[in-house]
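Structure record follows, encoded as structure tokens.
What follows is calculated from the coordinates using simple rules that are stated; it is not laboratory data. On a predicted model such as this, the values are computed, not experimentally measured, just so you know. Note that we place each Cβ from the backbone using ideal geometry, even for glycine, and neighbour counts take in every protein chain shown.
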Amino acid sequence: MATAHNHRPTWDDYFMSIARIIATRSTCDRLEAGAVLVKNNRIISTGYNGSPPGLPHCDDVGHLLEEGHCVRTIHGEHNAILQAATVPGASTEGSTMYTKYTPCIHCAKYVIATGVKRVVVGKVYRNAQAMEYLRDAGIQVELYEPGLDWNNRVVEIFTRDIEDRYAKEGNVQLEEKTATKNP
């Protein structure tokens, strides 16, 4: 039964929500960033700010700063691209990237080089020059505009208990097969 609280998100709302959740896995407290690469409305990879596999995290050993930037971690956008590279048959060509924050100039270069065609940014971080850099490369760049209805629905999704639900048809019963002997 559909009710008023069952607001169905747009694709942008849906994937940006996922990028925001992915960002919670970040292991560098300087910025919780997350990204999702999507092709044909299907997720092909995700990424968050974190150290390379097997290496210590900022949260555990502190930051590795170079010119005021932490270089211990791989950025969320870069990690999403790297993850796609490890999936056999995956291609970023023609994909859309949803990212919680504006990509840095280095990540913008990787986005351009890997054939991403659209970037949806949740919030401008530091400056908007990377957005213009992406646009200069022919990439469609949009600043995400969250819908109030969707934001309210997300809060409800994560604060309401998961309901007990039962099928109208009752419990499903599996038929038992009887073993037959070979003649």
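Some observations on this one:
- Each part reduced to its alpha carbon centroid, region 1-62 and region 68-134 end up 13 Å apart.
- The three principal axes of the C-alpha atoms in the chain carry coordinate ranges of 75, 50, 37 Å, sorted with the longest axis first.
- 222 nm mean residue ellipticity, helices alone, for the chain (DSSP H n ≥ 4; -39,500 (n - 2.57); rounded to 500): -9000 deg cm²/dmol
- Rg ratio (alpha-carbon, reference 2.2 N^0.38 Å) - region 112-175: 2.00
- Placing a label point 7 Å from the Cα of His63 along the Cα-to-Cβ line, the residues of region 114-129 whose backbone N sits under 17 Å from it are 125-127.
- Excluding same-chain neighbours fewer than eight residues apart, the aspartates and glutamates reachable from Lys100 by a Cα-Cα span under 19 Å are Asp12, Asp13, Asp29, Glu32, Glu77, Glu132, Glu142, Glu145.
- Across the chain, Cα pairs under 8 Å and at least six residues apart give a relative contact order of 18 percent.
- Among Gly122, Gly89, Gly138: highest mean-square fluctuation, GNM of the chain, C-alpha pairs under 10 Å: Gly89
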